[in-house]
DNA sequence: ATAATAAATGTAAAAAATACATTTATTATA
DNA sequence: TATAATAAATGTATTTTTTACATTTATTAT
């Protein structure tokens, strides 16, 4: 490998913009680099793609390394390839955005690995062009939320309608009317009411629901609009 | 360059899925390869990305080489990176989809360069994974047509409402009601009626319109829905 | 028993989408 | 110069969806 000049051949990297949702806020997963270059600086979760794996295989591999998670919602965002984007290598980065459920187990796993969650309002300087990637990814999820039920990827398997509303308010950055929101989400007919309540949010408690993937898949075939 | 094994380092290519619209049909630009490997086979317009250019610079360069056109609507589709996608190189391809106006000048230019337009219904076998790219690009433009006015990129600068309708019918693969289509498109308030008629389509002739990019840009800021 | 809290609910009005058939401007031809 | 032929242009009633808005309910803590 060291026979070649690092600026004379292409390196391919994958960077993951990993979003979570916790306490009513959308969060981004970053870590403090342990090694040079940029030791100590904040970075997205990423790695070089190996010659014997595809970009998507690489992204699955590093997501597992950093979070312990498999079968995560992850989609390609885009390619960052400016000649001077990385002073060390001639490296193009293929970015992936991922949505994960934050629970206590995940929180622990992530802390063990030296990663952490940042509130997406007020992301500090990250290395290279990673801030740009985050901005682009946020724009993308805002767009995609209009025709895909991505909200459900970020919530626990069981969630309440007020929780779902708070999440959509965070994605769209505006308040929604609770009566209209409830009416709309129920009319989509893709959530199932459970016979349990979550009482952490109020004395009355709110009914828990779960997402109906089967029904959603069926509807999707017919060109379904998820706008809320 | 030849010091390195072709399977031992990454090559980066860009492939362009270039769509046009002619005689009521959506067309794809392909060419017959003049050199090995795959001499004589049909291929998307593409090239290796040079070490000193970005992917987007490369795509602009090759689009110019093949069509003579600059300032074309072109967006990244996605990255194709299976380890065995290209038997010759360890090559990842970043694809771009482009929409261009087919006119007689372009037709000539393209023929001179040995490229040609294929009807998108019934694309023959293309090299490598290019068929997959075309399918993905078609899916993408169908989706994107719902919230961006991409139709206008494919039509001549001056077009009639029936022409626009035919184009959307080709994109969505379904018939639209002419009264409702006209009502909807006019309500969007982004096309300007001209005092000329196009009489190639009928004895009565249809009024020509042009797209109002300024108005569209303004509306876009407010989160505009282009669904037709 | 009462206060406090967030969850749950309904309705009327406005806007948008849909379904549907006739008239109009023009050219070619009888 | 009247007529036939052609695609363009037009209107309305109905249904569906979206919006705006205030009160009651279930539960816990005091």
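Among the residues of the range B:1-24, those identified as away from every other protein chain (no Cβ under 14 Å) and either over 18 Å from residue B:123 (Cα atoms) or exposed (fewer than 12 other Cβ atoms within 10 Å of the Cβ) (or both) are B:23, B:24. Of all residues in the range B:201-220, those that are near DNA strand D (Cβ under 9 Å from one of its atoms) and out of contact with any strand residue (DSSP E or B) (no Cβ under 9 Å at 6 or more places or on another chain) total 2. Restricting B:214, B:184, B:210, B:193 to residues that are without any contact (Cβ under 8 Å) to a residue 12 or more places away in the chain and either surrounded by 11 or more Cβ atoms within 10 Å (Cβ to Cβ) or over 19 Å from residue B:22 (Cβ atoms) (or both) narrows the list to B:214. Quick one: in the range A:39-55, which of the residues that are surrounded by fewer than 15 Cβ atoms within 10 Å (Cβ to Cβ) and more than 10 Å from every other protein chain (Cβ to nearest Cβ) is nearest to residue B:91 (Cα to Cα)? By that ranking, first place goes to A:39. Can residue B:199 be described as more than 14 Å from DNA strand C (Cβ to nearest atom), over 18 Å from the mean Cα position of the chain (by Cα) and closer than 18 Å to residue B:103 by Cα? Judged against the criteria, residue B:199 is not a match.
Looking at the range A:25-33, can you tell me whether even one residue there is in a loop (DSSP other than H, G, I, E, B), at negative phi and either more than 14 Å from chain B (Cβ to nearest Cβ) or surrounded by fewer than 18 Cβ atoms within 10 Å (Cβ to Cβ) (or both)?
Applying the first criterion (in a loop (DSSP other than H, G, I, E, B)) to the range A:25-33 yields A:33.
From what's left, at negative phi: A:33.
Retained after the next criterion (residues that are either more than 14 Å from chain B (Cβ to nearest Cβ) or surrounded by fewer than 18 Cβ atoms within 10 Å (Cβ to Cβ) (or both)): A:33.
Among the residues of the range A:25-33, at least one is in a loop (DSSP other than H, G, I, E, B), at negative phi and either more than 14 Å from chain B (Cβ to nearest Cβ) or surrounded by fewer than 18 Cβ atoms within 10 Å (Cβ to Cβ) (or both), which makes the answer yes.
Restricting attention to the range B:151-184, the residues that are in a helix (DSSP H, G or I) and within 11 Å of DNA strand D (Cβ to nearest atom) add up to 13.
Can you tell me which residue is farthest from the other protein chains (Cβ to nearest Cβ) among those in the range A:65-89 that are closer than 24 Å to residue A:152 by Cα and part of a strand (DSSP E or B)? This residue is A:73. Within the range A:139-149, being modelled with pLDDT of 95 or more and either within 16 Å of DNA strand D (Cβ to nearest atom) or in a loop (DSSP other than H, G, I, E, B) (or both) holds for no residue.
Checking the conditions here, which among B:146, B:140 is away from DNA strand C (no atom under 16 Å from the Cβ) and under 20 Å from residue A:146 (Cα atoms)? Just a single option satisfies the conditions, and that option is B:140. Please verify whether the range B:126-138 includes one or more residues that are surrounded by fewer than 14 Cβ atoms within 10 Å (Cβ to Cβ), more than 14 Å from chain A (Cβ to nearest Cβ), assigned to a loop (DSSP other than H, G, I, E, B) and more than 10 Å from DNA strand D (Cβ to nearest atom). Scanning the range B:126-138, I find no residue that is surrounded by fewer than 14 Cβ atoms within 10 Å (Cβ to Cβ), more than 14 Å from chain A (Cβ to nearest Cβ), assigned to a loop (DSSP other than H, G, I, E, B) and more than 10 Å from DNA strand D (Cβ to nearest atom), so the answer is no.
The values are calculated or read from the model by the stated rules, or taken from the named source; none is laboratory data. None of these values were measured; they are calculated from a predicted model. Cβ atoms come from the backbone with ideal geometry, glycine included; neighbour counts cover every protein chain shown.
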